[in-house]
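First up is the structure itself, then whatever we jot down about it.
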Amino acid sequence: MWLIFAIGAAVFAALTSILAKVGIEGVGSNLATAIRTMVVVAMSWVMVFITHQQSGLSEISKRSWIFLILSGLATGLSWLCYYKALQTGSASKVAPIDKMSVVLTLILAFVFLHEQFTWKSLVGCILITAGTLFMVL
């Protein structure tokens, strides 16, 4: 099931880049990010209530709150940077660089989460990096 959601994430992320590039025309990047964020917030809360998960709010630990808030801040900063990059650059160059987050995630997961980093991971990181450089240079 995770694979279906991962493919969906990739498809919707691709649509996000194209739709944002068109939508940001003549709109400040910070304002565009705020509009996008409001839509995401509304959608997220609708899903919480549809799936009856609202009661779980009181059960979230302090540690989880801290890390979820930090993740939200990182997401916000990522979106602000992404929209600013889209406003001034071409989507075909901004999106591949943005996806370098895959390589950074693998490295951070190895360093901080002690996840396994295999030779396949190393080769994959090298290929993603090389492919990104090839696309944008």
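Couple of notes before you dig in:
- Summary of packing: across the peptides 78-86, 115-123, the per-residue average of other C-beta atoms within 10 Å ranks them, highest first, as 78-86, 115-123.
- Projected label points at C81 and F117, each 7 Å from Cα along the beta carbon direction, are separated by 1.9 nanometres.
- From phi via Karplus (6.51, -1.76, 1.60), per-residue ³J(HN,Hα) for segment 13-20 in Hz, x at Gly/Pro: 5, 5, 4, 4, 4, 5, 5, 5
- Whether segment 2-89 is rounded, prolate or oblate, judged on the alpha carbon gyration tensor where a/c under 1.5 counts as rounded: prolate
Every number here is computed from the coordinates shown, using simple stated rules; none is lab data. Only a predicted model underlies this, so the values are computations on that prediction, with no experimental measurement involved. Glycine gets a Cβ as well: all are built from the backbone with ideal geometry, and neighbour counts include every protein chain shown.
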